[in-house]
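First the structure, in the form of structure tokens, and then the observations on it.
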Amino acid sequence: MKRILPFLLLISITELSAQTAITSYTIVNDAPASSSNTSLGWNTSGAYNNTTSYTNFYGQRNGGAAGIERRVTGFSIGALTYSALPRPGGLPYDNVIINRHPSLPGDTINTLYEYTANAGNNLFYEASYLPTLSAVINSLVCNRGSDNTFSNRPTTQANIERIDEIINTGINCTVPARQGFLVNERAGNDNFKVAAITSLTSGTVNTLGSLVNVLVAAWGKVGPAIVSKVLSKTSLDLNLRVKQDIGSQIISGVFISFADLGISIGTKVYGLSIFPNDVTAAMNLVTLVNVPTDTDAGASGGLDMMAGGGFFVENTVLPLNLTSFNGRAVDNNINLYWKTENQFNFSRFELERSLNSGNDFEKISTINAVSNPQGNYNFSDINIAQRNSKTYLYRLKMVNMDGSFSYSNTVAFKFTKTTSFSVFPNVVKQAQIFNIQIADNGNFNNYNISIIDNAGRIIKNMRELQNGQYPVSSSDFKPGIYFIKIESGELKKTLKLIVQ
């Protein structure tokens, strides 16, 4: 039954054709981490033979200079600019899952790395080394990627049927045409298909949206031209093994918006699933039991997907949406809570407080935005009830990346008088210490304490006490029952003490 449900949900999936070529990239060149390893070549004959050892130097150039990692921070479509929204850790996604056919052999990964030079059997690559295909794809660095991603030819043996790029918390669709995903490819010469992930079960795909055709004509061939090598690895290999040289090709990108994916306003999207071009909406795209098993390296499966993609949003849209702002008074503190959506171009909150009915506000804290379109925040104003004012007003100054700002609604809190008294222990031996506790929520009235024996005689007086704990020795008390009388104005309280 667990396999039937996703199949039923997917029967109604339609196929759409919509996407937009990007017109330029915004790329920052970062210094990579350097490392090296040695492995045999991949091929049985010709270049990079499997009887020859090669040393791969990652993140460095011949001569010792550092390589570069080409990190995508944004792109343009005409006059419109878009920015990446990385997940915690600076990655595009919370997770990337490589799904292989459940009944086929083959676990080869075929990666692409931009390279700079050969020096004999020493090979030098611009970007740093990453150990898995998932890690390579889940990166903003576009000079690493995957070669012939979905090809099931004998020479590739990849057996990859779907790549899931997952955002665990999901993203609310608010402006469908201006939110979406960037996908990059080396050369921009392959077709593929995608679908929005519309629900997850335990972090894996449960349901998908409409299947979307992405055609060769949609690629924007506007990125840097790179020379690369293919390096492959199976589960039996410790390191990647060099396989093939690839001449200069341009990094190309396509923007697939929520509108392209058939997602309506108010729907939550949990990422993107990428497929070879030979799947159809009639197939079970969740379990993959009936997808093609002979995907080739041409029009159907040759996607040379480069990293650097992820979730992007147009810079001029989506003002911050403050969905709630409230709090409660606890003891002497005021705990504030607020939630947001659309944190796409947002910098920080400046929490302000007024102690004079809103005539003046002062900034009491700065809270930076979380790297997530949705945010949950809290702040505790500690010991606030000790101030003279009994009404406390708070508001949020919400500051965007460009310095523009707006204010939230104001929330107000008023402390009511609460007091409590206790004696502990309330049964003591003669000469033992006992404690009288006064807990007042900031009103700090003075209290008089009288300790009276069973005959009504005052044994001890303690005057003008405030909040606190007061130790008393029972050395002057004979065994018997005593009463501790606490007074402050009209407030009167009596506690019982037994001295043995």
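Suppose we keep only residues that are open to solvent by 40 Å² or more (accessible area, probe 1.4 Å), assigned to a strand (DSSP E or B) and of a type in the set (G, A, S) within segment 40-82. Which one would you say is nearest to G253 (Cα to Cα)?
Among those residues, the one meeting the criterion is A66.
Is it true that some residue in segment 256-268 is among the aliphatic types (A, V, I, L, M), assigned to a loop (DSSP other than H, G, I, E, B), touching a Gly at 6+ places or on another chain (Cβ under 7 Å) and open to solvent by 10 Å² or more (accessible area, probe 1.4 Å)?
yes
For every residue, the table says whether it meets (1) more than 20 Å from the chain's Cα centre (by Cα); (2) farther than 21 Å from A259 by Cβ.
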site: Q157; (1), (2): yes, yes
site: G170; (1), (2): no, no
site: C173; (1), (2): no, no
site: A187; (1), (2): yes, yes
site: L215; (1), (2): yes, no
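Scan segment 431-461 for residues that are at pLDDT below 85 and either acidic (D, E) or farther than 18 Å from F421 by Cα (or both) and jot them down.
A431, D440
If the requirement is being in a loop (DSSP other than H, G, I, E, B), touching a residue at least 24 places away in the same chain (Cβ under 8 Å) and farther than 19 Å from V72 by Cα, which of these qualifies: N206, N239?
Of the residues listed, the single one that is in a loop (DSSP other than H, G, I, E, B), touching a residue at least 24 places away in the same chain (Cβ under 8 Å) and farther than 19 Å from V72 by Cα is N239.
So how many residues does segment 178-198 have that are open to solvent by 30 Å² or more (accessible area, probe 1.4 Å) and more than 15 Å from A21 (Cβ to Cβ)?
Total satisfying the criteria: 2.
Which one is nearest to P276 (Cα to Cα) among residues in segment 133-155 that are within 21 Å of the chain's Cα centre (by Cα) and β-branched (V, I, T)?
Looking at residues that are within 21 Å of the chain's Cα centre (by Cα) and β-branched (V, I, T), I get I137.
Answer yes or no as to whether T174 is at negative phi, buried (at least 23 other Cβ atoms within 10 Å of the Cβ) and part of a loop (DSSP other than H, G, I, E, B).
So T174 fails the test.
Based on this model, can you work out whether I251 counts as in a strand (DSSP E or B), within 31 Å of the chain's Cα centre (by Cα) and within 15 Å of A307 (Cα to Cα)?
The answer is yes for I251.
Can you list residue pairs whose Cβ atoms sit under 9 Å apart, with the first residue in segment 435-461 being within 19 Å of I498 (Cα to Cα) and the second being among the acidic types (D, E) and at pLDDT 85 or above? Count only pairs 6 or more apart in sequence or on different chains.
Within 9 Å, the pairs are I459/D453.
Filter segment 320-363 down to residues that are open to solvent by 50 Å² or more (accessible area, probe 1.4 Å) and touching a Lys or Arg at 6+ places or on another chain (Cβ under 7 Å) and give me whichever is nearest to G310 (Cα to Cα).
Per the criteria, the residue is T323.
Can you run down the residue pairs with Cβ atoms below 8 Å, 6 or more apart or on separate chains, where the first is in segment 117-138 and part of a loop (DSSP other than H, G, I, E, B) and the partner is open to solvent by less than 40 Å² (accessible area, probe 1.4 Å) and at pLDDT below 95?
Close Cβ pairs (under 8 Å, with a partner that is open to solvent by less than 40 Å² (accessible area, probe 1.4 Å) and at pLDDT below 95) amount to T132/I109.
Are any of the residues in segment 223-246 in contact with a Cys (Cβ under 7 Å, 6 or more places away or on another chain) and either open to solvent by 10 Å² or more (accessible area, probe 1.4 Å) or at pLDDT below 95 (or both)?
Looking for residues that are in contact with a Cys (Cβ under 7 Å, 6 or more places away or on another chain) and either open to solvent by 10 Å² or more (accessible area, probe 1.4 Å) or at pLDDT below 95 (or both), one finds at least one in segment 223-246, hence yes.
Applying the selection to segment 454-480, what residues are under 14 Å from F434 (Cα atoms), over 60 Å from the mean Cα position of the chain (by Cα) and in a strand (DSSP E or B)?
Residue satisfying the conditions is K460 alone.
Acidic (D, E), at pLDDT 95 or above and open to solvent by less than 20 Å² (accessible area, probe 1.4 Å): does that describe E165?
yes
Within segment 83-102, which residues are in contact (Cβ under 8 Å) with a residue 40 or more places away in the chain and assigned to a loop (DSSP other than H, G, I, E, B)?
Listed by number, the residues that qualify are L85, P86, R87, P88, G90, L91, P92, Y93, D94, H101, P102.
Would you pick out the residues in segment 85-103 that are open to solvent by 60 Å² or more (accessible area, probe 1.4 Å) and not charged (D, E, K, R)?
Of everything in segment 85-103, those that are open to solvent by 60 Å² or more (accessible area, probe 1.4 Å) and not charged (D, E, K, R) turn out to be P88, G89, L91, N95, P102, S103.
Mind checking whether some residue in segment 475-483 is in contact with a Ser or Thr (Cβ under 7 Å, 6 or more places away or on another chain) and either within 30 Å of F413 (Cα to Cα) or at pLDDT 85 or above (or both)?
Yes, the conditions are met somewhere in segment 475-483.
The values are calculated or read from the model by the stated rules, or taken from the named source; none is laboratory data. Small disclaimer: the values here were computed from a predicted structure and weren't measured. Methodologically, a virtual Cβ is constructed for each residue, glycine included, from the backbone with ideal geometry; neighbour enumeration extends over all protein chains shown. These area figures cover heavy atoms from the full protein model, side chains too; ligands, DNA and RNA do not enter into them. Shrake-Rupley method; radii C 1.70, N 1.55, O 1.52, S 1.80 Å.
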